[in-house]
Amino acid sequence: MKRVSFGRRVAASSVAALVLVLLALAPGPLSACSMCRCSDPVFSALGEGLYTYGGFQIAVDWNRLDQTQGTEIPEGHEGEEHLRGSKHGGDFEEQVRNTITTTISYGWHERLTLVAQVPYTFNELTEAEEIQKADGLADPLFFVYGRVWASKFEQGLGRRAWLWAVFSVKTPWGQNDVTVDGERLDEHVQPGTGATNLAGGLSGLYLIDENSSLYASTMYTGTGRNEFGYKYGDNVQANVYYDRKLTNWLDAVLEVNYLYAKRDQVDALGLVEPNTGGNSLYLTPRVAVNVVRGLVARAAAQFPVWEDLNGIQDIKPAYTAGLTYVF
């Protein structure tokens with residue numbers, strides 16, 4: 001990707017300090033929904049252009065998520081409803097979600113950037129032998145990035161580092177009342193959550209040299225409750241990206257993504273879903289190809305490497321591909 005060029009290498013201690021500051025400022029453990037993507041969705045779509053470009057950028061991404069929770073009632077125990085939700089069986093479901101997300105951003109002089117993301121999902125949920133499907137508009141998100149600090153310009157170097165405050169609102173505008181034969185489908189197959197989420201955090205970029213950079217972000221999300229009483233768990237995410245320019249047209253990126261999530265609540269009284277929430281850590285290799293001037297193609301695979309999840313859950317690798325265009 002296009003990068004500000006400069007000649008001096010940054011000391012390893014300075015790079016480490018930036019990462020430690022961002023991760024240390026993360027709020028204490030809170031959580032996320034049982035089935036959600038763990039990464040920085042805006043930086044994954046826009047890359048360094050989020051900080052170094054003014055004007056418009058647009059990106060279109062496809063993401064595939066596959067996860068199961070719960071387990072089937074063991075043979076010979078059919079009808080024993082007390083097993084449902086326990087570690088011995090019940091309430092098995094598998095969700096496959098394909099999402100197409102359009103991201104549009106506009107930046108003013110490296111000081112303020114506004115971002116909008118509009119996702120459209122194709123959902124399939126399998127419960128026992130029943131398959132539910134629901135496609136539709138998911139919840140649009142809006143982000144505000146405000147520059148907190150940036151390093152001074154250096155001759156032949158430009159800016160080396162940026163630190164930004166980030167605030168976002170996830171709207172309840174996605175479809176959350178899809179029905180079949182008059183009956184509302186399962187919460188996890190609904191395209192939208194039907195609730196408003198508020199989030200805040202910090203993000204920063206450090207240009208190591210003309211061919212490499214380091215990015216880190218942390219975000220706390222407080223989730224709302226929809227009209228049906230369901231509340232996805234609050235969550236904290238932390239992400240670190242290392243980007244290396246291999247050739248004039250090819251970049252390689254390695255991400256480390258961490259997610260902590262509270263259990264979901266299934267009603268207004270706060271009854272929790274036992275097979276939701278927990279801790280997870282991912283490694284995400286990514287490649288970016290400069291197709292033509294201003295157009296970048298991207299692809300990534302996210303692999304869970306450590307899990308400490310509540311109840312019974314299984315997270316499978318997630319895959320993403322997309323295009324970014326800088327006007």
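Considering only residues that are among the aliphatic types (A, V, I, L, M), modelled with pLDDT of 90 or more and surrounded by 21 or more Cβ atoms within 10 Å (Cβ to Cβ), which ones fall in the stretch 49-66? The answer is 59, 65. In the stretch 128-148, the residues that are surrounded by fewer than 18 Cβ atoms within 10 Å (Cβ to Cβ) form Cβ pairs under 9 Å with partners that are among the basic types (Lys, Arg), at six or more places apart or across chains, as follows: 142/170; 146/111; 147/111.
Residue 180 falls short of the stated requirement of being closer than 17 Å to residue 203 by Cα, touching a residue at least 24 places away in the same chain (Cβ under 8 Å) and either buried (at least 18 other Cβ atoms within 10 Å of the Cβ) or of a type in the set (A, V, I, L, M, F, W, C) (or both). Within the stretch 224-239, residues that are farther than 24 Å from residue 166 by Cβ and touching a residue at least 24 places away in the same chain (Cβ under 8 Å) reach partners that are of a type in the set (Ser, Thr, Tyr) and not in a strand (DSSP E or B) with beta carbons closer than 7 Å, at six or more positions or on different chains, in the pairs 226/193. As a summary of the residue check, residue 122 satisfies the conditions (1) within 22 Å of residue 238 (Cβ to Cβ); (2) out of contact with any helix residue (DSSP H, G or I) (no Cβ under 6 Å at 6 or more places or on another chain); (3) aromatic (Phe, Trp, Tyr) except for the one numbered (1). Tell me yes or no: at least one residue of the stretch 127-138 is touching a strand residue (DSSP E or B) at 6+ places or on another chain (Cβ under 8 Å) and of a type in the set (Asp, Glu). Yes, the stretch 127-138 has at least one match. Taken together, 92, 43, 122 contain a single residue that is part of a strand (DSSP E or B) and at pLDDT below 95, which is 92. Would you pick out the residues in the stretch 221-254 that are farther than 20 Å from residue 197 by Cα and buried (at least 22 other Cβ atoms within 10 Å of the Cβ)? Within the stretch 221-254, 241, 243, 251 qualify.
The residue pairs whose first member lies in the stretch 306-327 and is under 18 Å from residue 251 (Cα atoms) and in a strand (DSSP E or B), whose second member is of a type in the set (Phe, Trp, Tyr) and modelled with pLDDT of 95 or more, and whose beta carbons are closer than 6 Å, counting only pairs six or more residues apart or on different chains, are 321/62.
The values are calculated or read from the model by the stated rules, or taken from the named source; none is laboratory data. None of the values given here were measured: they were computed from a predicted structure. Ideal geometry is used to build each Cβ from the backbone, glycine not excepted, and the neighbour counts take in all protein chains shown.
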